[in-house]
Amino acid sequence: MSVFRAGVAPINIELLRYGPAQRPVEERKCIFGCGEVETETHVLTQCPLYDDIREEWFHHLSNVIAQFEFMSDEEKSNIILSNSGLVRINAKACYEILMRRRTLLYV
């Protein structure tokens, strides 16, 4: 979870920011075919690759946080990365997302 909070998660919004691979923000697309810029919010709340992880995770958050299911993706992302009372479940989901990425990208 800390890599998402610090803005250093290994996602295209960060990976394509520097060096010879540098690209404008609008070209830092999700590598899993979503067609969206791969930001922390996209990875945590939108990318279909992680729908199964989010299903249980967001169900739990909806039971704990009033109106969570009706919040914008940006609001959900902010709550995920800032709510200290839910660190364990949020960190676990972030870990699962990063492990799935690693498995798919570096096998």
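The values are calculated or read from the model by the stated rules, or taken from the named source; none is laboratory data. Predicted model only: the values in this text are computed from it and were never measured. Note that we place each Cβ from the backbone using ideal geometry, even for glycine, and neighbour counts take in every protein chain shown. Remember, those area values only see protein heavy atoms, side chains included, never the ligands or the DNA or RNA. Shrake-Rupley method; radii C 1.70, N 1.55, O 1.52, S 1.80 Å.
Residue pairs whose Cβ atoms lie under 6 Å apart, sitting 6 or more positions apart in sequence or on different chains, and linking a residue in region 85-107 that is free of Cβ contacts under 8 Å to residues at least 60 places away in the same chain to a partner that is open to solvent by 50 Å² or more (accessible area, probe 1.4 Å) and outside any loop (DSSP other than H, G, I, E, B), are ILE89/HIS60. Annotation: of all residues in region 54-75 being touching a residue at least 24 places away in the same chain (Cβ under 8 Å) and under 21 Å from LYS29 (Cα atoms), the one that is surrounded by the most Cβ atoms within 10 Å (Cβ to Cβ) is ARG54. Provide a single number: the residues in region 67-99 that are under 16 Å from GLU56 (Cα atoms), within 14 Å of the chain's Cα centre (by Cα) and of a type in the set (D, E, K, R). Number of matching residues: 3. Selection of region 4-53 for residues being more than 19 Å from ASN90 (Cβ to Cβ), assigned to a helix (DSSP H, G or I) and open to solvent by less than 30 Å² (accessible area, probe 1.4 Å) yields ASN12, ILE13.
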